[in-house]
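Presented below is the structure to which this report refers.
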Amino acid sequence: MTRGGRGFPERANAPTPEGQLMKIGIIGAGNIGGNLTRRLTALGHQVSVANSRGPETLSALAEETGATPVTVEEAADGAQVVVVTIPLKNVPALPKGLFDKAADGLAVIDTGNYYPKERDGRIDAIEDGLAESRWTEQHIGHPVIKVFNGTYAQDLLDRPRPQGAPDRVAVPIAGDDEAAKRLVRELVDELGFDTVDAGGIDDSWRQQPATPVYGLRGNKDEVTAALAAAPRERPAAHSA
């Protein structure tokens, strides 16, 4: 098995938007966080991964991938990109000053979703219409780029395709910081997926659970159409 796992080749000199490898922190080692750890290490990036249970519980993932297990407090240290991929109900418990030691121009990726009935309980601000990722921003004190929230975790391993491939999947991406969004779009491209700009964070409700684009394995045109077709009202099945 290669360092990245699942047969993904190592690329010791993988390109990034700056033409060099990046330091990336991942907070959350569940299905999405674990598979992003596998993919990003396979691409040669320096990945630190943290979870709520402590770095000693991440030894198997670290051995498989070469990622560095750290505490949540350390996950953003020196990072150019941080991925927050934890249950929404746990976001307020993230440590204050989490990004104080991050690199300048930090991009924070939010893959989170609000599941009030199944997991998170009622969050009044979201029920009243606040975009889920705007709520997350308010709690972590940093702008976020919303992407991969509607992606099946296994697809991160099984569905990467080169640019121009006819079956390349596109994912929506929303955010207010254009420089951070550009950095994340290029990283997503490196991971093997196209992106469709879904607007700012106030528009990111279009990619929340139960919308047409959520879970869609479509191309750019299909994703664009699905975003446009999203109803503004939160479905009863995804309300508290």
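Here are the numbers for this structure:
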item: Residue check, residue 131 open to solvent by less than 20 Å² (accessible area, probe 1.4 Å), under 19 Å from residue 45 (Cα atoms), in contact with a helix residue (DSSP H, G or I) (Cβ under 8 Å, 6 or more places away or on another chain) and touching a residue at least 60 places away in the same chain (Cβ under 8 Å); result: no
item: Selection within the stretch 103-121 - in a loop (DSSP other than H, G, I, E, B), within 18 Å of residue 182 (Cα to Cα) and in contact with a strand residue (DSSP E or B) (Cβ under 9 Å, 6 or more places away or on another chain); result: 103, 106, 111
item: Subset of the stretch 122-142 (residues that are closer than 30 Å to residue 23 by Cα, aliphatic (A, V, I, L, M) and part of a loop (DSSP other than H, G, I, E, B)); result: 131
item: Any hit, the stretch 41-53, residues being assigned to a helix (DSSP H, G or I) and modelled with pLDDT of 95 or more; result: yes
item: Residues within the stretch 174-193 that are crowded, with 18+ Cβ neighbours inside 10 Å and free of Cβ contacts under 8 Å to residues at least 24 places away in the same chain, tallied; result: 1
item: Candidates 213, 196, filtered to the one that is touching a residue at least 40 places away in the same chain (Cβ under 8 Å) and surrounded by 14 or more Cβ atoms within 10 Å (Cβ to Cβ); result: 213
item: Among the candidates 230, 226, residue that is open to solvent by less than 60 Å² (accessible area, probe 1.4 Å) and assigned to a helix (DSSP H, G or I); result: 226
item: Residues satisfying the stated conditions in the stretch 152-173, i.e. open to solvent by less than 20 Å² (accessible area, probe 1.4 Å) and outside any loop (DSSP other than H, G, I, E, B); result: 155, 156, 157, 170, 171, 172, 173
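The values are calculated or read from the model by the stated rules, or taken from the named source; none is laboratory data. Being a predicted model, the structure only gives us computed values, none of them experimental. Ideal geometry is used to build each Cβ from the backbone, glycine not excepted, and the neighbour counts take in all protein chains shown. For the accessible areas, the whole protein counts, side chains as well, though only heavy atoms, and no ligand, DNA or RNA atoms are used. Shrake-Rupley method; radii C 1.70, N 1.55, O 1.52, S 1.80 Å.
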